[in-house]
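Working notes, structure below.
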Amino acid sequence: MRTSSLVRFLCLAVAAIALAACSGGGSGDKTPTAGTEGSPGAGTATGAPEATAVPTAAAFSGTVNISQSEFKIQADPKASPDQDISFILRNEGTIPHQFIVIKTDLAPDKLPTQGSPSQVNLSDSHLTVIYQYPAYPAGQANLLHLSLKPGHYVFICNLPGHYEQGMRTDFSVSESNQGGGNSP
């Protein structure tokens, strides 16, 4: 476990340096906090990064591209044999979106909602919120590293009305690989 934490720390440090180099220096660029599912580092991010360059995802063994726009989320690929995953988040829309990772057995369109316009009830007992990436502006790309346990996940944007308009998709992590590299 200690080696895993050191590798994760080094990966985040390399990503932070790369983001700072791409943005031209010190305007306060930040890398989002991330953690292992169920660890103190998992949960709500403390602030959105201000990166505008598309980050690289070589740090973790699996890479998933997330494209968000009005009103959809696309994950490419929609499944991973790797548990340590680099997510490249891109807001290709014209308004802010957020990215929430939920572990659940429910289908993406069957999550419990509340209010009007509706939002997913993140405190429902059928849902385990793994990570909440705060709303980030249109045109921005961000890098997020997460370690996910095998299982079924749903990615959503939970800004008012966005979920009910279709901002949700499935994702799964298989048990076949314990965090090793991608194999052809």
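Each value in this text was obtained by applying a stated rule to the coordinates, not by laboratory testing. Since the model is a prediction, treat every value here as computed from it, not as a measurement. A quick note on method: Cβ atoms are made from the backbone with ideal geometry, for glycine too, and the neighbour counts reach across all protein chains shown.
Couple of notes before you dig in:
- Taking other residues whose beta carbon is less than 14 angstrom from the beta carbon of PHE155, and scoring Lys, Arg as +1 and Asp, Glu as -1, yields +2.
- Summing +1 for each Lys or Arg and -1 for each Asp or Glu among the other residues whose beta-carbon sits under 14 angstrom from that of ARG90 gives -2.
- Annotation: peptides 147-157, 63-73, 100-110, ranked by per-residue average of other Cβ atoms within 10 Å with the highest first, follow the order 147-157, 63-73, 100-110.
- Local electrostatic count at GLY166 - Lys and Arg +1, Asp and Glu -1, tallied over other residues with Cβ under 11 Å: -1
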